[in-house]
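Reviewing the structure listed below.
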Amino acid sequence: MGELARETQGRLRDALAARYPALEWQVEHRLAGTPVDVAGIGDDRLVLLELEWRRADPADNAAKLFRHLEAGLLDAFDAITVCHCFTEYYDLASGGVSSKRKNAEFVGRIASRAVDRFAYHPVELPLEPPKRGGDRPPDLPAAVDRAVDSIGRHLER
């Protein structure tokens, strides 16, 4: 993960901690040895954010969380919410989103249908991530704010 992705993780964590102080927010939270980009942990609630910049297979992140849920690793929580944050890298020039993103969302939707206490929400992180060594997007703070607003709407339902 690059410097910009780490900065974004921190921005997401800090903004969510300010809005939802009842949860302990951390980056690179480990679930069975697997890192999750950002996690909010409460007594009976777990919020997980996976941040997709340019990953070749974003469905893997959704699948690993479902696998951990299925294996009982998250049984301590009454409610688990996963927000899968996608950059504009997954948008198609012709409109819509790539099959990679569609597959990831499909896995998440199936998981949320299979387990009552599990909710999955795709979220837009409205910026085009630079390629390695590229310029930092000037709209990063605004993009994070918009993603946090979207995440908040899902958490407050």
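Key figures
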item: Rounded percent of accessible protein surface that carbon and sulfur make up, region 15-157, 1.4 Å probe; result: 49
item: Virtual spin-label span in nm between residue 43 and residue 117, 7 Å along Cα→Cβ; result: 1.5
item: DSSP beta bridges in the chain [antiparallel fraction, %, rounded to 5]; result: 45
item: Two-site FRET efficiency, residue 75 against residue 135, from Cβ-Cβ distance with R₀ of 41 Å, rounded to 0.05; result: 0.40
item: Segment residue 93-residue 14, length gained on full extension (0.36 nm per residue, minus Cα span); result: 25.2 nm
item: 1.4 Å probe accessible area per residue over the chain, in Å²; result: 51
item: Dimensions (Å) - the chain, Cα atoms, principal axes, largest first; result: 42, 33, 30
item: All lysines inside 23 Å of residue 64 as judged from Cα atoms, apart from same-chain residues fewer than 8 positions distant; result: 100, 102
item: Sites residue 146 and residue 109, calculated FRET efficiency, Cβ-Cβ separation with R0 25 Å, nearest 0.05; result: 0.65
item: Those trypsin sites (Lys or Arg not before Pro) in region 55-136 that DSSP places in a loop and that have at most 15 other beta carbons within 10 Å; result: 131, 132
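The values are calculated or read from the model by the stated rules, or taken from the named source; none is laboratory data. Note that this is a predicted model, so its numbers are computed, not measured. Note that each Cβ is placed from the backbone with ideal geometry, even for glycine, and that neighbours are counted across all protein chains shown. Areas reflect the complete protein model, heavy atoms only, side chains present, ligands, DNA and RNA absent. Shrake-Rupley method; radii C 1.70, N 1.55, O 1.52, S 1.80 Å.
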